[in-house]
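Notes to accompany the following structure.
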Amino acid sequence: MKKPNILLVDDEVDFVQTLAERLQLRGFDIHVAHDGDSAMSQMDSSPPDIVVLDVMMPGLGGLDVLKQIKSQLPKIQVILLTGRGSTADGIEGMRLGAFDYLMKPIDIDELIKKINASIRSPS
Amino acid sequence: MTAQSKWLRYFKLNFFNLGDEKDSEDRYRLLHRNMILFMILVTIVPLVLMALVNYHQYRTSLKAEIINPMRVLSSKTKHSFELFVEEKLSTVRFITSAYSIEELANKDKLNKIFRVLKKEFPGFVDLGLIDYKGIQVSYAGPYELLGKNYSDQSWYHEVIVRGVYISDVFMGYRKFPHIAIAVQLGNDVSGSCILRATIDTHQFDNLIAAMELDAESDAFLINDKGVFQTHSKFYGKVLDNCPFSPPLGNYGNYIAEEKDPNGREIISVYTHFDKMGYSLVLIKPKSVILKTWFTLKSEMFFIFIISTVLIILTIFKITSFLINKTRDADERRELAFRELEHSQKLSSIGRLAAGVAHEINNPLAIINEKAGLMKDLIELTSEFKNREKFLGLTNSIQKSVERCKTITHRLLGFARRMEVQFEVLNVNDVVKEVLGFLEKEYVYRGIDIRLELDENLPQISSDLGQLQQVFLNILSNAIAAVADNGNVTIKTWDQDPETIGVSIKDNGTGMSEETIKHIFEPFFTTKKGYGTGLGLAITYGIIQKLGGKIKVESKLGEGSIFHVYLPKKAPLKSSE
């Protein structure tokens, strides 16, 4: 099975670069965006299979990006990352069509499990 | 500011506005005392004034009512006396007009007239004719008074001037009290004579006896010189000097309150005769007069005492009732203030904690990923020097991150705005479920869990997960607090139409008051080393969110009891 193409979107550059590197080490095809707008333009040029999306971002927020994805590219699976330690954002995201959510700091094995699950699941 | 309002202000300040610096128990005691004093002042003082006024009025009117009959009796008796004397005078006058001087000078004739007189008018002692020189020329009576010369006596001159004379009582030759009546006959001085009759004053005693006085009272006649004209029961015999001195002149009626020589308080009524220089004196001791008054007075006094006692009792009852009410209200208000303060404090601490936790979460995520990447790289490089050591280090970093994450997540959970999922549930079931999680521990330690669950507890609308969290926190604390083989009692009941109650009681170590104060604050823990100090803070937050209340009572060494009150219906808004 081909490793999925993943777009990581987070404004914390240090975090998102490191996470990208770790996922690449595990054979994933990773792209990175640091805010909602650039994420949207990247998706337009080369749509990924999965987007891992931070909820709290300056400018276009995670939930707004999620809404746009779901309206424009409904095939893309979205996994949300929340930093507020609250399930509320996660639940709200899932209501809007996200596949699942994780609370920061994340466990990489947990993330990979969810990525794999989302590929298997029909979008 | 007027003097009055100044005074009023002073009064208020001192009476009702009590300084805050005083100990509160003292304050209530002072307020209590002042209220009692004030109420007694405004009730008893008018009562006393009224009683005094009544006392005086009653006394005055009662006295008037007693004195009046005395006055009437005196007047009546005076009239009797006057009538008596007048009658005797008329009789003598009649003789002077009916007979000539010659007839009266005739001894036989005079004797005959005297016999008739004595028969018809008792009291006459003798009858005599005295010529203008003052020599008794004719006499009828029991004594040998013929030829006696009266010319040097004062009454003789008076009768010459006035034509009529009535003497004071005297003993004279006859040696018993009597009065003399003398009337002039004839017009020209050289030819005129005087008819003189003496009358036994025994008749006076009869008139006084007719007054029917009681044993304590006395009545007698005195002349203007203050000499007794009749016997007095207490104060002397005829012709003794009277110890009382009536006012001078013809005064009609005079009433005096005085002391008699024997020291008795008396009321005396002096009645002066119109035509003679006599006064009738009627004396009654006050003790007799005021006997009725004393009875009335003691009744009034009795009523006064009873009403005073009743008033004071009522005042004491009312004031202690009011003070207790005030104290209760004050205490409730203070408690409400404390609770408000407490919840505000908790919510601001919560907000602060959430802010800090959120800020820490991001760098924590970075540390986690960096350490993760290091680990990945070490694992991928087979020939890495100190491989095992580095793997251990990164693992330890990740474990620490995990610990921090637990804390930040719980911190956030304490204050976060979380959607509460309301569902209809039975609190008894929730309690049993939670006990299931803890079973291993309490069974192992031999702790006796006693369930007193209300079988008919109504179902409530609440969040199952959150309630589990609440009971788990409280129960694990209880289980931690008791010694092995201790006991924990869980009780549920239907509190009122809106709420149900759950209490969790343990016989463990208990808490000090200082601990109770801080028990719901985040990071406050007594479990040194292994507690986060968030359990009860989260519990508090959840119960607030569910619209309930939590209270705790505890005593060091005796155990603690947590009361949780939950609304039966979901609160309208479930925000923080």
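The values are calculated or read from the model by the stated rules, or taken from the named source; none is laboratory data. Values in this document were obtained by computation on a predicted structure and should not be read as measured data. With ideal geometry, Cβ positions are generated from the backbone for all residues, glycine too; neighbour counts draw on all protein chains shown.
To keep it simple, each residue is scored yes or no on (1) within 11 Å of chain B (Cβ to nearest Cβ); (2) aliphatic (A, V, I, L, M); (3) under 30 Å from B:G355 (Cα atoms); (4) in contact (Cβ under 8 Å) with a residue 40 or more places away in the chain.
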{"residue": "A:Q17", "(1), (2), (3), (4)": "yes, no, yes, no"}
{"residue": "A:Q24", "(1), (2), (3), (4)": "yes, no, no, no"}
{"residue": "A:P48", "(1), (2), (3), (4)": "no, no, no, yes"}
{"residue": "A:P58", "(1), (2), (3), (4)": "no, no, yes, yes"}
{"residue": "A:L73", "(1), (2), (3), (4)": "no, yes, no, no"}
{"residue": "A:L96", "(1), (2), (3), (4)": "no, yes, yes, no"}
{"residue": "A:D107", "(1), (2), (3), (4)": "yes, no, yes, no"}
{"residue": "A:R120", "(1), (2), (3), (4)": "no, no, no, no"}
Scan the range B:161-175 for residues that are touching a Phe, Trp or Tyr at 6+ places or on another chain (Cβ under 9 Å), surrounded by 11 or more Cβ atoms within 10 Å (Cβ to Cβ) and either farther than 23 Å from B:E87 by Cα or at pLDDT below 80 (or both) and jot them down. B:R174
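Residues B:I311, B:I315, B:I366: which one is in contact with a helix residue (DSSP H, G or I) (Cβ under 7 Å, 6 or more places away or on another chain), within 14 Å of chain A (Cβ to nearest Cβ) and of a type in the set (V, I, T)?
B:I366
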Could you tell me whether the range B:136-155 includes any residue that is under 17 Å from B:G277 (Cα atoms) and exposed (fewer than 15 other Cβ atoms within 10 Å of the Cβ)? yes
Six or more apart or on different chains, Cβ under 6 Å: which pairs go from a residue in the range B:405-431 that's more than 19 Å from B:L566 (Cα to Cα) to one that's modelled with pLDDT of 85 or more? Could you list them? B:K405/A:P105; B:T408/B:I360; B:T408/B:N361
B:L322 vs (1) among the hydrophobic types (A, V, I, L, M, F, W, C); (2) modelled with pLDDT under 80; (3) under 60 Å from the mean Cα position of the chain (by Cα): all pass except (2)
Counting only helices (runs of 4 or more DSSP H) wholly inside the range B:464-549, the ones holding at least 3 residues that are of a type in the set (D, E) and without any contact (Cβ under 8 Å) to a residue 60 or more places away in the chain are none
Residues being surrounded by 13 or more Cβ atoms within 10 Å (Cβ to Cβ), in contact (Cβ under 8 Å) with a residue 12 or more places away in the chain and of a type outside the set (K, R) - total across the range B:344-402: 25
When you go through B:F414, B:F384 one by one, which is the residue that is part of a helix (DSSP H, G or I) and either more than 9 Å from every other protein chain (Cβ to nearest Cβ) or at pLDDT 85 or above (or both)? B:F414
Would you confirm, using the coordinates I've provided, whether B:F220 is at pLDDT 80 or above, assigned to a strand (DSSP E or B) and in the same structural domain as B:L282 (by TED's automatic domain parsing)? yes
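Among the candidates B:F471, B:F390, single out the residue that is of a type in the set (F, W, Y) and touching a Phe, Trp or Tyr at 6+ places or on another chain (Cβ under 8 Å).
Just one listed residue meets the conditions, B:F390.
Listed residues B:S298, B:S279, B:S320; which is exposed (fewer than 15 other Cβ atoms within 10 Å of the Cβ) and either out of contact with any His (no Cβ under 9 Å at 6 or more places or on another chain) or in the same structural domain as B:Y251 (by TED's automatic domain parsing) (or both)?
The conditions single out B:S298.
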Which of the residues belonging to the range B:145-164 are in contact with a helix residue (DSSP H, G or I) (Cβ under 9 Å, 6 or more places away or on another chain) and assigned to a loop (DSSP other than H, G, I, E, B)? B:L145, B:L146, B:K148, B:Y150, B:S151
Looking at (1) over 22 Å from B:E379 (Cβ atoms); (2) away from chain B (no Cβ under 14 Å), find the lone condition where A:I6 falls short. (1)
Could you tell me whether the range B:12-21 includes any residue that is at pLDDT below 85, of a type in the set (F, W, Y) and outside any helix (DSSP H, G or I)? yes
